[in-house]
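The structure appears right after this line, and notes come after that.
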Amino acid sequence: MATYNKFYCTVEDLAEKVHNLGADTLKVVLTNTVPVNTNTILANITQIANGNGYTTGGATATISSSAQTTGTYKLVLADVVWTASGGTIGPFRYAVLYNDTPTSPADPLIGWWDYGSAVTLAIGESFTVDFDATNGVLTIA
């Protein structure tokens, strides 16, 4: 199972109204370069090459639910899937979640998952960022 890591800026960005996690466009990009907790925006991330089923800027992560119950907020996202077509995708090891809506700062980072080793998709193979539908991507209590 991939390990979730939070970018430090996420806490401040939530406190200062950068993110509207119930309405903003959230996206996931792939990289083979380890993200750093102090990264703040998408421009700090070296994405894998565009093409063969991967588009620079990543894929949209559809919001399944964004709500609080008894004082705990939970964000649940639908899984994101890439399928290699016309060539390979990768290698990549990390999936990075960011917010594509704000303009200042542009494309603020939220968190990333480490898959433990590099992955390369052959033609026809798929890769799924499997977001936890029960516990959510993140909770705030």
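A few notes on this one:
- In the set Leu21, Leu30, only one residue is outside any loop (DSSP other than H, G, I, E, B) and either in contact (Cβ under 8 Å) with a residue 40 or more places away in the chain or crowded, with 16+ Cβ neighbours inside 10 Å (or both); that residue is Leu30.
- None of Asn44, Asn20, Asn37, Asn32 is of a type outside the set (A, V, I, L, M) and closer than 28 Å to Ile123 by Cβ except Asn32.
- Odd one out for Gln68, checked against (1) surrounded by 13 or more Cβ atoms within 10 Å (Cβ to Cβ); (2) touching a strand residue (DSSP E or B) at 6+ places or on another chain (Cβ under 9 Å): (1)
- Selection status of Gly136, on the phi > 0 side of the Ramachandran plot, within 16 Å of the chain's Cα centre (by Cα) and at pLDDT below 95: yes
- Filter pass, Trp112 being touching a residue at least 60 places away in the same chain (Cβ under 8 Å), outside any loop (DSSP other than H, G, I, E, B) and not hydroxyl-bearing (Ser, Thr, Tyr): yes
- Yes/no for Ala61 being touching a residue at least 12 places away in the same chain (Cβ under 8 Å), small (Gly, Ala, Ser) and closer than 24 Å to Val81 by Cα: yes
- Within segment 1-18, tally of residues that are in a loop (DSSP other than H, G, I, E, B) and of a type in the set (A, V, I, L, M): 3
- Residue in segment 71-80 that is acidic (Asp, Glu) and modelled with pLDDT of 95 or more present: yes
- Any chance Thr134 is open to solvent by 10 Å² or more (accessible area, probe 1.4 Å) and free of Cβ contacts under 8 Å to residues at least 60 places away in the same chain: yes
- Selection from segment 75-92 of residues that are assigned to a strand (DSSP E or B) and either surrounded by 20 or more Cβ atoms within 10 Å (Cβ to Cβ) or of a type in the set (Gly, Ala, Ser) (or both): Leu75, Leu77, Val80, Trp82, Ile89, Gly90, Phe92
- The residue that is surrounded by the fewest Cβ atoms within 10 Å (Cβ to Cβ), counting only those in segment 44-59 that are of a type in the set (Gly, Ala, Ser) and within 14 Å of the chain's Cα centre (by Cα), is Gly57.
The values are calculated or read from the model by the stated rules, or taken from the named source; none is laboratory data. This structure is a prediction, so every number in the text was calculated from the model and none was measured. Cβ coordinates were reconstructed from backbone atoms using ideal geometry, including for glycine residues, and neighbour counts include every protein chain displayed. Protein only, heavy atoms only, side chains kept; ligands, DNA and RNA dropped before computing areas. Shrake-Rupley method; radii C 1.70, N 1.55, O 1.52, S 1.80 Å.
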